[in-house]
There are 2 protein chains.
Amino acid sequence: MTGTTPSQTREVLRQAPWLRAYPPELGERLLAEGRLVRRAIGEWAQAEGDDRGGLVVVIAGQLHSYCAAPGDRTVMIGLVSPGAVLGHATRFSGGPRLVTAVCVEPTILLELTEAALDRVAAHRPELWRAIADFTYANMRSVLQLAAETVALGPRERLVARLLAAAERRAEPDTAEAPVIRISQELLGEMAGLTRKTANHHLSALARSGLIALGYGCIRLLDRAALQRIISG
Amino acid sequence: MTGTTPSQTREVLRQAPWLRAYPPELGERLLAEGRLVRRAIGEWAQAEGDDRGGLVVVIAGQLHSYCAAPGDRTVMIGLVSPGAVLGHATRFSGGPRLVTAVCVEPTILLELTEAALDRVAAHRPELWRAIADFTYANMRSVLQLAAETVALGPRERLVARLLAAAERRAEPDTAEAPVIRISQELLGEMAGLTRKTANHHLSALARSGLIALGYGCIRLLDRAALQRIISG
DNA sequence: CAACGACTGTTACGCTCGTTACAATTGATG
DNA sequence: CATCAATTGTAACGAGCGTAACAGTCGTTG
């Protein structure tokens, strides 16, 4: 689960959506100038309010991202998987972090300081464009999240979050039935539902044959039908 | 309502949150290189999917911003007031527009083409930093929107949207009781509620003396108490 | 001033979700 | 293998929102 071999690291950088369109040397440069660090379960990759510069690229493992809500509440925004970048909003604006990311698996991060980014950009100016691409995609997904949450009913929201979790996986879905490793409680939290209600809807979906429920994981059996639920 | 005098235009650029920290010459440059255009009620300032570059600064009037949601629905994201920038996500990434903005008042926009931006930046490189500031603030408010929608109950959501609408007004709230010009129906839509439910909660708030309801407008009487509702 | 449209207030009913509580199952730890 | 924590399934009750329909009020337009 914590693949650290150099070839696996390179593969993550090659397959990351925001780097895929650029020559592999860009990823190589990032790897050369950055620093690989391990984080255990429960540790932060970054904390909301932290104002150090630089970027962090997730190489292996998985994180949950949270955002502060009024009344000392925290809201889980989504899953952060290998290939994702943390800190880009700060990098561009100098403001404090917007989200807190907590490791839920042993995680490997590629830390890039401001100086390291400048060194890479000196040889490969397209770096900024690549990071801008990621920022744009991220903004799009946040906007999508907000729109779905307002427009969709609870059941549709749940399905939408499930599909979003599936999409965010860096691995290309070779298997016809991708397995999402997430508890029903967490999925419900992301949709603003209690575990009970989440369970209720998921059971109904399982009875319809659209998904299969396991212990701490969900298998998507009919992705097209799930998509129709939130589109209809 | 459609103040076009040069001094009013300059004042908007001076007071815009993302420009306030920079010398007034930056705003002057933008004004000199950009083009002022009028838009009537119902016209677009920009449309989702539009992929022309450049930026638009709102000088006078008001717009509603919408975002596409699954199932051919559109969700109103918020009010766009003088001082706001449209098109920044596209400017940085080259992707298509993320939101559609429609004028709900006669509106004056300052259109800045890619070439105009480059000309301004040649003399005032801090332009990019200023726009990055705006992008960051915008991302923050969208994230806030999503978090509130998930974490808060319907009534609290409604209050949150009301306060957000009040904050987004460029005018400094000199009056102790700022007046928000928005229909209950629209406010309800932004909170994902029907007009009936929005009315119900607003009436209760009015009976408690926290707000005063008018025809197409809402007056905030006790902002601190409203804030406590969503924080408690 | 008169008529029209837009906005606001109110009613009753049904459905869905949250709360609380308990039981069964899986996986990990020693 | 035994034990414990985490996760999942289920029940009954109450509260809140959505739907649908209608009446009253404000502002504007001719």
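Bear in mind these aren't lab numbers, they're just calculated from the coordinates by the rules spelled out. Quick caveat: nothing in here was measured; it's all calculated off a predicted structure. Cβ atoms come from the backbone with ideal geometry, glycine included; neighbour counts cover every protein chain shown.
Of note:
- Each other copy holds its own label point for A:His123; taking that point as 7 Å from Cα along Cα to Cβ, the gaps run 3.9 nm, nearest first.
- The mean sequence distance of close C-alpha pairs (under 8 Å, at least 6 residues apart), as a share of the length of chain B, puts its relative contact order at 20 percent.
- Cα-centred dipole magnitude for chain A, charges only on beta-carbon of K, R (+1) and D, E (-1), debye, nearest 20: 440 debye
- Residue among A:Ala146, A:Ala212, A:Ala101 with the largest mean-square fluctuation in a Gaussian network model of chain A, springs linking Cα atoms under 10 Å: A:Ala146
- Dipole of the protein assembly as shown, positive direction: furthest Cα of A:Val12, A:Tyr22, B:Leu220, with charges on the beta-carbon: B:Leu220
- Label-to-label distances for B:Gly42 across copies, nearest first, come out at 6.2 nm, using points 7 Å from Cα in the beta-carbon direction.
- Gap separating the Cα centres of segment A:181-199 and segment B:96-152, nearest whole Å: 34 Å
- Largest-first principal axis extents, alpha carbons of the protein assembly as shown, Å: 64, 54, 35
- With the label put 7 angstrom out from Cα along the Cα-to-Cβ vector, B:Arg207 ends up 4.0 nm from the copy partners, going from closest to farthest.
- With the convex hull drawn over the C-alpha atoms of segment B:98-232, the volume per residue is 147 Å³.
- Segment A:153-231 shape via C-alpha gyration tensor axes, a/c threshold 1.5: rounded
- Relative contact order (percent, whole number), segment B:152-231, Cα cutoff 8 Å, 6+ residue spacing: 37 percent
- Sorting A:149-157, A:118-126 by average packing, meaning the other beta carbons within 10 Å per residue, from highest down gives A:149-157, A:118-126.
- Debye-sum result for chain B in log10 I(q)/I(0), which assumes one identical scatterer on each alpha carbon, at q = 0.07, 0.15 Å⁻¹: -0.24, -1.06
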